[in-house]
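Notes for the one structure printed next.
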Amino acid sequence: LYPHMTVYENMAFGLKLAKTDPSVADNKVREAARILQLDHLLDRLPKQLSGGQRQRVAIGRAITRDPKVFLFDEPLSNLDAALRVQMR
């Protein structure tokens with residue numbers, strides 16, 4: 001995560017680089033934030049988040065880009081049980 005960017009900006013960064021329409025990018029970021037239970041944290045910086053919340057932001061960055069395949073190095077292990085099941 002980029003420490004000088006908010007959660008929203010971090011999640012939207014890849015979409016901005018891909019020159020995605022801003023309204024489409026906003027919808028994707030807000031939907032990923034809702035799924036990951038981060039919607040109330042979108043204006044915070046990474047240093048203001050717990051480790052699990054930072055991990056969810058990183059997952060959100062991946063989700064917003066709509067990849068065909070996700071390749072994770074055990075990032076789901078630090079999530080709470082209910083969210084871990086939902087993410088799988």
For this session: Could you please let me know if Val85 is over 22 Å from Pro3 (Cα atoms), part of a helix (DSSP H, G or I) and at pLDDT below 90?
Result: yes
Exercise. Taking the range 30-69, which residues are of a type in the set (D, E, K, R), at pLDDT 95 or above and part of a loop (DSSP other than H, G, I, E, B)?
Worked result: Asp43, Arg44
For this session: Taking only the range 1-29 into account, find how many residues are surrounded by 17 or more Cβ atoms within 10 Å (Cβ to Cβ) and assigned to a helix (DSSP H, G or I).
Result: 10
For this session: Pairs only if they're at least six apart or on different chains, beta carbon under 6 angstrom, first in the range 1-28 and closer than 26 Å to Gly51 by Cβ, second exposed (fewer than 14 other Cβ atoms within 10 Å of the Cβ); list them, first residue then second.
Result: Thr6/Asp43; Asn10/Tyr2
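The values are calculated or read from the model by the stated rules, or taken from the named source; none is laboratory data. Just so you know, these numbers come straight off a predicted model, no measurement behind them. FYI the Cβ positions are ideal-geometry reconstructions off the backbone, even for glycines, and counts take in every protein chain you see.
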